[in-house]
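A short write-up of the structure that comes next.
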Amino acid sequence: SSSKFQGCSITLSMGQSSACESCCWADVADASAPQPVVSSVPFSGWEVQHSWNFFVSHPVASAGLDVATCIDFANASLVRRLGVPWPRNQELSRSAFGVPSADDLVLAVSHGWSHQRHPDPLGRQSSVLADLSQLASATHKAKGNTLAFYDFLSLPQLPFAEEQGERTEKQTRRFMEALATMPRIYLLADAILLVDLDFSDSHVPGVPGEGEVVSVSCTELDLTVLGQIGSELRVVGWRKDGKRRTAQAPFDDSAPRSTLPLAVKSTAEALIPFDHIMSVSGVTVQSMEDLASARQIRTPAFADVLRAPYGRRNQVPAWDRGWVFLERFCAMVKVAMVDESEAELLVFSNSKELLAKICDGASRLREAAKAAESKSAKSELEGVLNSYVKELQEKSFGGASVDFTAEGDREAVISIMKELVADLLVNWAAKASCQRQRLLILAVSRGDATAAKRHLEAGGDPNWQDEQ
């Protein structure tokens, strides 16, 4: 196909066809329909069909069979307009997302959550992420849009405000299915954005209501679902016959920031996840048994509750968290699969120290992979990869995002990491070839002849075709 029809698959078959009133013989770059489109026109007795298909998809589409249905890729330009705190994936209109095509730049964001129920209730990450997205876009100069995988915006989330609806069973399945594709999303994205911020008390002011202690009648506790989190008894939800809530209206990305919804207000009458039940009738409470005993001391009983509007704050450094370490291991692997000079195209961060860590790890992996090209040294790559599995096992697994218990968090992340390592041991060369090939395509896309020559010399194939 000519450049005018780039992105169309053209099928010829004998047959009769009447003229199509909505023929799409046009520059497909102007097409706006995100769903597959097929149309037919008569052509000298042949029927010509042209349609959107995998030929125009981004490599990230091959991350898993369910990527298209499990993950939403947000328009990077949306970040600066989202307001504080960001709305959940469910509250965003479909116009906030795009389906990655071959001409698009796809970014994957690695960051730590500051709180259990919201990654960034104070908006500290927004400007950093926007600046890194802009830098990546300016570096690659992709022809299409810049789209990003950012977990809170890309996947259905649990509610953080009382008026928000619960995540449905279908949305929960979608969320869990997406977790298995995470490493492939990071490896197949064009670049990884590494956001590194300090969430310790000395660097982060409290969110409204956080740390406030209020007295609440124990009859209010009867309307909630309480859960044991470590040695603490916390509110984890509402009973069906308790507080009634309605789903929040879709977020309007054209609305001015001042009109966007703020966090739920803290009042003594409204318990919210993850408020901490500290004591009842002056008796310290650490379990359901403690609560039941304390309520017998006097009637009516009142509980002292420590407010946590967005759940517990996570002050563990991002590098020491299990999920984040897995993401950053993916960044090391991605950089290791190409020449070290290409690192500036693949990873972007607000922290020079973090970039140095990623490049050091990538160098270690790259050398092991080169040695593994000799069958006698294959164990060297296996040893280096497994050393990162061991390091992961020493990280913090607090179930910070409330979708897992600490132990469930550990099991999930380590399982995903081991599966990734097993795949890399078998397919390192093939995956490295794909990384180099994508860099070649991006170089050609932005008209960078010098980079294109470099990628061809590194093994890029000008006759390469998508395996799909």
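Quick notes on this one:
- Karplus 3J(HN,Hα) series, Hz, for the stretch 453-461 with 6.51 cos²θ - 1.76 cosθ + 1.60 (x for Gly, Pro): 4, 5, 6, 5, 5, 7, x, x, 10
- Label-to-label distance, Glu163 versus Ile297, with points set 7 angstrom from Cα along the beta-carbon direction: 3.8 nm.
- Gain on full extension, evaluated as 0.36 nm per residue between Ser387 and Ser127 minus their Cα-Cα distance, stands at 90.1 nm.
- Accessible surface of the stretch 291-390 [probe 1.4 Å, protein heavy atoms]: carbon and sulfur percent: 50
- Interchain or long-range residues, amide H under 5 Å from Phe73's placed H: Gly98
- Burial ranking of peptide ranges 68-80, 380-392, 92-104 (average Cβ count within 10 Å, highest at the top): 68-80, 92-104, 380-392
- Stretch gain in nm, segment Glu419-Ser351, where the contour uses 0.36 nm per residue and the Cα spacing is subtracted: 21.6 nm
- For Ser287 and Ser95, a Förster radius of 51 Å and the Cβ-Cβ distance give a FRET efficiency of 0.60, rounded to the nearest 0.05.
- Which listed pairs, of Lys170/Lys334; Lys352/Lys453; Lys334/Lys370; Lys352/Lys390; Lys141/Lys453, have C-alpha distances above 21 Å, in listed order: Lys170/Lys334; Lys352/Lys453; Lys352/Lys390
- Residues in the stretch 289-447 average 46 Å² of solvent-accessible surface per residue, probe 1.4 Å, ligands and nucleic acids excluded.
- Per residue, the accessible area of the stretch 132-232 comes to 41 Å², computed with a 1.4 Å probe over protein heavy atoms only.
- Computed about its Cα centre, the charge dipole of the stretch 414-468 is approximately 220 debye, with only Lys, Arg, Asp and Glu carrying charge at their Cβ.
- Once both labels are positioned 7 Å from their Cα atoms along Cα-to-Cβ, the gap between Ser379 and Arg80 label points is 5.5 nm.
- The simple spin-label model puts a point 7 Å past each Cα toward its Cβ; for Gln228 and Ala371 those points are separated by 4.7 nm.
The values are calculated or read from the model by the stated rules, or taken from the named source; none is laboratory data. All of these numbers come straight from a predicted model, not from anything done at the bench. A quick note on method: Cβ atoms are made from the backbone with ideal geometry, for glycine too, and the neighbour counts reach across all protein chains shown. All accessible areas refer to the heavy atoms of the entire protein, side chains included, with ligands and DNA or RNA removed. Shrake-Rupley method; radii C 1.70, N 1.55, O 1.52, S 1.80 Å.
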